[in-house]
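Peer 1: Got a structure for you, written out below as structure tokens; questions coming shortly.
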Amino acid sequence: MVREQVRRPSSGFLLLSVFLAGLILVGWFFVHQLQTQSPPGLIGSVLLFVLLMLIPPGLIIVQPNEAKVLVLFGRYHGSVKEAGFWFVNPFAIKRRVSLRVRNFETAKLKVNDAHSNPIEVAAIVVWRVIDTAEALFEVDDYENYVRVQSESAVRAMASSYPYDSHSPNEAALSSHADEVAENLMRQLSERLAKAGVEVREARLSHLAYSPEIAQAMLQRQQAGAIIAARSRIVEGAVGMVENALELLAQKQILNLDDERRAAMVSNLLVVLCGERGTQPVVNTGTLYAG
């Protein structure tokens with residue numbers, strides 16, 4: 001495995017000054033030797049000029065949050081990560097790598113969740129290169145590698161959770177955003193570490209049932225909501241009836257036997273649990289047959 005080696009090369013301004021001064025001196029020397037018609041002097045001036053021409057290829061500019069990776073005769077020769085104007089080996093190949101924070105959104109992926117329901121999911125991944133040597137030499141194309149591995153991590157994460165939770169302690173994609181994001185971050189970090197990439201943030205940007213089951217799942221959610229609401233209404237109504245009977249008994253307003261108590265409970269539950277307004281009925285008779 002190739003490990004990053006950070007280098008601090010020579011100042012480019014110093015070598016640029018040497019280059020400009022050398023050009024002036026070589027030019028003057030060449031003209032002087034030409035006037036004196038000295039072949040050895042002319043050859044020497046040409047050689048000095050060729051040596052001076054090796055300086056410009058070694059001058060590089062490194063922008064903030066950028067690195068230049070040096071490859072010399074097929075071998076990694078180090079990385080320059082400090083911003084500035086520098087001089088490096090002129091025979092080295094200089095490859096630029098951005099160290100800025102980048103983000104992208106994965107495509108909408110069709111995945112089966114933990115309950116085998118087809119869903120659509122997408123995520124936003126924020127990342128940056130922290131090891132330039134691994135990014136360039138451990139994988140073929142680190143940007144494409146990040147995209148492919150991110151989609152793989154999103155698929156693996158989505159298939160390990162259900163879309164909706166069906167028990168109080170069950171984590172779900174739709175209700176446990178922080179836990180899902182933490183799981184996705186962990187899977188991305190494991191996959192992208194070998195490419196010298198750090199994942200800064202990862203969160204779901206799109207979550208929905210697949211179109212072919214979306215309507216059925218909507219009806220299922222509506223039915224669940226209706227059942228939950230009805231259970232709450234019945235629970236509240238039973239409590240209200242119980243309180244009413246206790247107050248009637250404490251204040252001795254009515255002395256009800258079991259049959260009349262049952263009738264009152266039935267009437268109160270109908271009034272409290274009914275969806276429509278009830279119509280009052282005046283009863284002038286009795287519950288007992290004459």
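Coordinate-derived values only; no laboratory data. Just so it is clear, the structure is predicted and the values come from calculations on it, not from any experiment. Every residue, glycine as well, gets a Cβ built from its backbone with ideal geometry; the counts of neighbours run over all protein chains shown.
Peer 1: Nearest 0.05, what FRET efficiency do GLU105 and HIS166 give at R0 = 25 Å with Cβ-Cβ as r?
Peer 2: 0.25
Peer 1: Between HIS115 and GLU66, what FRET efficiency comes out of the Förster formula 1/(1 + (r/R0)^6) with R0 = 41 Å and r the beta carbon distance, rounded to 0.05?
Peer 2: 0.30
Peer 1: What is the Cα centroid distance between the stretch 123-180 and the stretch 53-80, reported in whole angstrom?
Peer 2: If we compute the Cα centre of each part, the gap is 34 Å.
Peer 1: For the pair SER231/HIS32, report the inter-label distance in nm, with labels modelled 7 Å from Cα in the Cβ direction.
Peer 2: Taking the simple label geometry, SER231 and HIS32 are separated by 10.1 nm.
Peer 1: How far is it, in nm, from the label point at MET240 to the one at PHE91 when both lie 7 Å from their Cα along the line to the Cβ?
Peer 2: 9.3 nm
Peer 1: Sticking with this one: Label points 7 Å out from Cα along the Cβ direction at GLU143 and ARG128: separation in nm?
Peer 2: Placing both labels 7 Å along Cα→Cβ, they lie 1.8 nm apart.
Peer 1: Ratio of alpha-carbon Rg to the 2.2 N^0.38 Å globular estimate for the stretch 44-83, to two decimals, please.
Peer 2: Dividing the Cα radius of gyration by 2.2 N^0.38 Å gives 1.57.
Peer 1: If one computes P(r) from the Cα atoms of the stretch 111-185, what percent of pairs lie at distances over 19 Å?
Peer 2: Tail fraction, whole percent: 44.
Peer 1: Step through the table entries LYS68/LYS194; LYS81/LYS108; LYS94/LYS194, compare each Cα-Cα distance with 24 Å, and write down the pairs that go over it.
Peer 2: LYS81/LYS108
Peer 1: Going by average Cβ density within 10 Å per residue, which order do the peptides 30-40, 104-114 take, highest to lowest?
Peer 2: 104-114, 30-40
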